[in-house]
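The values are calculated or read from the model by the stated rules, or taken from the named source; none is laboratory data. Given the structure is predicted, the values throughout are model-derived calculations rather than measurements. As a convention, Cβ positions derive from the backbone with ideal geometry for all residues, glycine included, and neighbour counts pool all protein chains shown. Ligands, DNA and RNA are excluded from the accessible area calculation, which covers all protein heavy atoms including side chains. Shrake-Rupley method; radii C 1.70, N 1.55, O 1.52, S 1.80 Å.
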Amino acid sequence: SQKGKYPERLAFYNLDLERNLRRKMTLNEALKGALERNEFRLMYQPIVDTTGQIVSFEALMRWRYREQEISPVEFIPLMEQSGRINQVGKWVLEEACRTLAQIHQQHGNICMCVNISLIQFYDKGFVNNVKQVIERYAIPGHLLHLEVTESLFQSEQTMINEKVSQLQQHGVKFSVDDFGTGYSSLSVIQNMNIDYIKIDRSFIQHIEQKGLSIVRAVMNMSHSLNFSVIAEGVETEKQRQLLEQCGIPYMQGYYFSRPLEHPGALAYLNTAMVQESSH
Ligand code: C2E
Ligand code: MG
Ligand code: MG
Ligand code: MG
C-alpha cells in the first residue's frame, strides 16, 4: 500500500523542496528592486597585522528585507543566477571605494578588500569599471584588493591572467578567498600571479587538530611563490597564538572585531587593539 514509511518520507522531502523553491522565488522577486529601494549596505571587517594594527577592511554586503537580515551566503548565489550580481557588484565596488577614499584621507594607507563574483569578473566591462572607479575617487590602486575564489582559475586561464595583470598594472591587488575549499591544484596556484591567499575559516577552526599542517604548508608555499597570507575567522587567543607561531602576517576574525557599520571608529580601534596585543 501507499502507507509504508518510504512514501511518507518522500512526502516530507517534497515539502522541503517546495518550501525551498518558494523561498527562492520570493527572494528573487524581492531582489529585483532591492538596489533601488536602498535595501543593501556594506559592513566593514578589520584585518590586522601581527602588532594588532588595522591594515585593511573587508567590505561585506548586507540585505535588509522585510525587517529581516538575509545572509549573503543565500542572496549572492541568487543574484549570480539571475545576472543581477553585475549591477549590484558595481554598486558594492563604488560604495567600498567611496569609503576607502575617506579612510585614506583621514588615516593614510589602509586597504579595502572587495569580494568579486566570478560572473562579475567574466563581464567584459569589468576591468574598465574598476579602473574608472579608482580614478573617480583618486584612490592609489594598491589600496584596492579584489577577492576572488580559486575556482576563477579553473578555466580560461589566459583570459583570467590577462584581466588580472591589466588591473595589477594599475596597482590593484588580488586575493584568493576561502583558500583550500575549492578544487584548485597546486600547479594552478603556481601559474597565477596573485598577491594574497586567505586561508579559509574551516582550517583556522580546526587549527588545534588537523588545520595546523595546512596552515604551515600554505606559509611555506607563500615564500617560494611570492604571495602573502591572511588567516580568516580567527576567534580565539589560542588560534591567534598558533597562527603567529606559523608566521602568518595578517589575520581577520571575531577575535579582533566583528564587521562594523562604518570604519569611522578606526582611530579608536587601532589604539584599543595595540593596547590589547601588548599585554
Ligand atoms: P567571505 O568573503 O569569506 O567573508 C568572510 C565571512 O566570514 C563573512 O561572512 C564574515 O562576517 C565571516 N566572519 C568573519 N570573521 C569570522 C569569525 O571569526 N567567525 C565566523 N564564524 N565568521 C566570521 P558574511 O558577511 O556572512 O559573508 C559571507 C560570504 O558572502 C562572504 O564570504 C563572501 O563570499 C560573500 N559576500 C559578502 N559580501 C559580498 C559582496 O559584496 N560580493 C560578493 N560577490 N560576495 C560577497
Ligand atoms: Mg572575502
Ligand atoms: Mg573569505
Ligand atoms: Mg571564508
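Can you list the HN-Hα couplings for the stretch 63-79, worked out from phi with the Karplus curve (6.51, -1.76, 1.60; θ = phi - 60°), rounded to whole Hz and with x for Gly and Pro?
Per residue, the Karplus-derived 3J(HN,Hα) values read 10, 9, 10, 6, 6, 10, 9, 8, 6, x, 4, 8, 8, 4, x, 5, 6 Hz.
So how do 218-225, 108-115 stack up, highest first, on mean other-Cβ count within 10 Å?
Answer by packing, highest mean first, reads 108-115, 218-225.
Would you mind calculating the gained length between Glu39 and Gln105 on full extension (0.36 nm times residue separation, minus the Cα-Cα distance), in nm to one decimal?
21.0 nm
Just to check I understand the Karplus step: with θ = phi - 60° and J = 6.51 cos²θ - 1.76 cosθ + 1.60, what whole-Hz values come out for the stretch 188-196, glycine and proline as x?
5, 4, 5, 8, 9, 9, 9, 9, 9
Pairs of alpha-carbon atoms within less than 8 angstrom and 6+ residues apart define the contacts here; what relative contact order does the chain have, in percent?
18
When the Karplus curve 6.51 cos²θ - 1.76 cosθ + 1.60 is applied with θ = phi - 60°, which whole-Hz ³J(HN,Hα) does each residue of the stretch 148-159 get, with x for Gly and Pro?
10, 8, 5, 5, 4, 8, 6, 10, 6, 4, 5, 4
Report, in degrees rounded to the nearest 10, the 0 to 90 angle that the Cα long axis of helix 266-277 makes with the longest principal axis of the chain.
80
Test of the criteria: in the stretch 195-258, which GluC sites (Glu not before Pro) are in a DSSP loop and have at most 14 other Cβ atoms within 10 angstrom of their Cβ?
Qualifying residues, ordered by number: Glu235.
What accessible area per residue comes out for the stretch 63-192, rounded to a whole number of Å², with a 1.4 Å probe?
Value for the stretch 63-192: 48 Å² per residue.
If you fit an axis through the alpha-carbon atoms of helix 85-107 and take the longest principal axis of the Cα set of the chain, what angle between them do you get, 0 to 90°, nearest 10?
Once rounded, the angle reads 30 degrees.
For the stretch 40-82, how big is Rg over Rh, using alpha carbon atoms and the Kirkwood form of Rh?
Radius of gyration over Kirkwood radius for the stretch 40-82 works out to 1.15.
Relative to the longest principal Cα axis of the chain, at what angle does helix 237-246 sit, 0 to 90 degrees, rounded to 10?
Helix 237-246 and the main axis of the chain meet at about 60 degrees.
Have a look at Ser155, Leu144, Val73 and report the one farthest towards the positive end of the charge dipole of the stretch 43-163, computed about the Cα centre with Cβ charges (Lys/Arg +1, Asp/Glu -1).
Among Ser155, Leu144, Val73, the one farthest towards the positive end of the dipole of the stretch 43-163 is Leu144.
Could you tell me what a quarter of the Cα convex hull surface of the stretch 96-137 works out to, in nm² with one decimal place?
If you wrap the Cα atoms of the stretch 96-137 in a convex hull and average its projections, you get 3.1 nm².
Among Lys32/Lys131; Lys24/Lys210; Lys163/Lys210; Lys24/Lys163, which pairs are too far apart, with a Cα-Cα distance over 31 Å?
Too far apart for the 31 Å limit: Lys24/Lys210; Lys163/Lys210; Lys24/Lys163.
How much of the accessible area of the chain, in percent, comes from carbon and sulfur atoms when a 1.4 Å probe is used?
Carbon with sulfur: 50 percent of the solvent-accessible area.
For n ≥ 4 DSSP H runs only, could you compute -39500 (n - 2.57) per run for the chain, divide by its residues and tell me the 222 nm figure to the nearest 500?
Result for the chain: -15500 deg cm²/dmol, rounded to the nearest 500.
Quick one: Kirkwood hydrodynamic radius for the stretch 143-211, alpha-carbon pairs, angstrom, one decimal?
Result for the stretch 143-211, one decimal place: 12.8 Å.
Using only the Cα atoms of the chain, what semi-axes does the equivalent ellipsoid have when each is the square root of 5 times a gyration tensor eigenvalue? Give whole Å, largest first.
After diagonalising the Cα gyration tensor, the semi-axes are 32, 25, 22 Å.
Determine the distance separating the Cα centre of the stretch 52-80 from the Cα centre of the stretch 108-170; give it in Å without decimals.
19
Antiparallel as a % of all DSSP beta bridges within the stretch 15-125, to the nearest 5?
So the antiparallel bridges in the stretch 15-125 amount to around 75 percent.
Sequence-distant or interchain residues sharing an amide H contact under 5 Å with Cys113, placed H: which?
Sorted by chain and number, the residues that satisfy this are Phe57, Glu58, Ala59, His145.
Taking the DSSP beta bridges in the chain as the whole, what percent of them are antiparallel, to the nearest 5?
Once the DSSP bridges in the chain are tallied, antiparallel ones form about 40 percent.
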